[in-house]
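Here's the structure we're looking at; comments come further down.
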Amino acid sequence: MKVEFAPLNIPLARRLQTAAVLQWVLSFLLLAQVCLGVIVFLIIYNYWFLYIPYLTWLYFDWQTPEQGGRRSDWVRSWTIWRYFKDYFPIHLIKTWDLNPSHNYIFGFHPHGVLVAGAFGNFCTNYSNFKELFPGLTAYLHVLPFWFRCPLFREYLMSSGPVSVSRRSVCHVLSKEGGGNISVIVLGGAEESLDAHPGKFTLFIRQRKGFVKIALTHGAYLVPVFSFGENELFKQVSNPEGSWLRTVQEKLQKIMGFALPLFHARGIFQYNFGLMPYRKPIHTVVGRPIAVHQTLHPTPEQVEELHQTYMEELRKLFEEHKGKYGIPENETLIFR
């Protein structure tokens, strides 16, 4: 295999963009383990004056990820996130005005491998979210697993994510007077195993909990499709029924998160590595679906609203796919 190296005279801005994305990738792949290792090190060498105050505080702070988190505008405004956004680049597109007097659930699709579009648009201050949706605050819901790691949880919460537990979503949507958005990657970890370039398979047919929560709180539903999300990485072939897919699915059920075997480009060459490809991401926010509050929705009401949501999601994809280079014959596959 011929290795294609990056040119030596790369502009400074592109180098900074690469460094920003590398930091982001490594933070999810290694930082949690490093943080856990730091705590173990402090305990083994008996630095009690460091770990006892932190673990005591952690005990009382354990529920914070389910109670709106603890975002920091300072962290969200780090210059590194601007370079992160410009690396791909990431774009947020509005198709409909949202009334800030309502609360909303954004159903984000597809999951991709590392959900770069969701992070770039809803967890940094370099997206044009505030200009497009004034008066609204977005909360990206991620797996509770990430908040169980000491130290790493503080870093993660500082940029805005909160837990994806039912309690956490209900907390966000309970704000009186509206103005909150729960951003939920509905396909979850299972969908990441199908995040192959050119594929549009969404795991949504059995995902109805978000619909019930929307009805209970009267939160409007908004489909969001992030074009380009699946193009950032390549995965080792893992078709349904293969031994690799079987192992991945078993591990996902045990641990709660998936382990896609992905690769893309390197830092100094374009053939192999863990750096995502420089592919543009266009996150398109669709039309809101009005939801009347129903404290005790029936299964029929949940099913009807779920079908409406899937229809609106398909319409959003069909209306915009041609703008972002997707062939006319391609369509969404709901599983």
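A few comments on the model shown:
- Residue match in region 256-273 (condition: at pLDDT 95 or above and within 22 Å of the chain's Cα centre (by Cα)): no
- Failed criterion for residue 245 (all others in (1) in a loop (DSSP other than H, G, I, E, B); (2) in contact (Cβ under 8 Å) with a residue 24 or more places away in the chain; (3) over 30 Å from residue 95 (Cβ atoms); (4) over 21 Å from the mean Cα position of the chain (by Cα) hold): (1)
- Some residue of region 217-238 being farther than 17 Å from residue 116 by Cβ and assigned to a helix (DSSP H, G or I): yes
- Subset of region 162-175 (residues that are in contact with a Phe, Trp or Tyr (Cβ under 6 Å, 6 or more places away or on another chain) and in a helix (DSSP H, G or I)): 172
- Checked against the criterion of being open to solvent by less than 10 Å² (accessible area, probe 1.4 Å), assigned to a loop (DSSP other than H, G, I, E, B), in contact (Cβ under 8 Å) with a residue 24 or more places away in the chain and farther than 30 Å from residue 329 by Cβ, region 186-205 has no qualifying residue.
- Scanning region 42-71 for residues that are open to solvent by 30 Å² or more (accessible area, probe 1.4 Å) and either closer than 24 Å to residue 25 by Cβ or outside any helix (DSSP H, G or I) (or both) yields 45, 46, 47, 62, 63, 67, 70, 71.
- Residue match in region 104-119 (condition: over 19 Å from residue 280 (Cβ atoms), among the β-branched types (Val, Ile, Thr), modelled with pLDDT of 95 or more and surrounded by fewer than 19 Cβ atoms within 10 Å (Cβ to Cβ)): no
- Residues in region 81-99 that are part of a helix (DSSP H, G or I) and either open to solvent by 50 Å² or more (accessible area, probe 1.4 Å) or aromatic (Phe, Trp, Tyr) (or both): 81, 82, 83, 84, 86, 87.
- Count of residues meeting criterion [under 14 Å from the mean Cα position of the chain (by Cα) and hydrophobic (A, V, I, L, M, F, W, C)] in region 146-160: 3
- Looking across 178, 135, one residue alone is open to solvent by less than 20 Å² (accessible area, probe 1.4 Å) and outside any helix (DSSP H, G or I). It is 178.
- Residues that are touching a residue at least 12 places away in the same chain (Cβ under 8 Å) and either of a type in the set (Ser, Thr, Tyr) or open to solvent by less than 60 Å² (accessible area, probe 1.4 Å) (or both) within region 293-310 comprise 294, 297, 302, 305, 306, 308, 309, 310, listed in sequence order.
- Flag for residue 210 being open to solvent by less than 40 Å² (accessible area, probe 1.4 Å), in a helix (DSSP H, G or I), touching a Leu at 6+ places or on another chain (Cβ under 9 Å) and aromatic (Phe, Trp, Tyr): yes
- Taking residues in region 98-113 that are closer than 24 Å to residue 200 by Cα, and partners anywhere that are modelled with pLDDT under 95 and polar (S, T, N, Q), the pairs with Cβ atoms closer than 6 Å and at least 6 places apart or on different chains are 111/192; 113/192.
- The number of residues in region 138-161 that are in a strand (DSSP E or B) and of a type in the set (Lys, Arg) comes to 0.
The values are calculated or read from the model by the stated rules, or taken from the named source; none is laboratory data. Since the model is a prediction, treat every value here as computed from it, not as a measurement. Glycine gets a Cβ as well: all are built from the backbone with ideal geometry, and neighbour counts include every protein chain shown. Ligands, DNA and RNA are stripped out before the accessible areas are found, and what is left, the full protein with its side chains, is counted by its heavy atoms. Shrake-Rupley method; radii C 1.70, N 1.55, O 1.52, S 1.80 Å.
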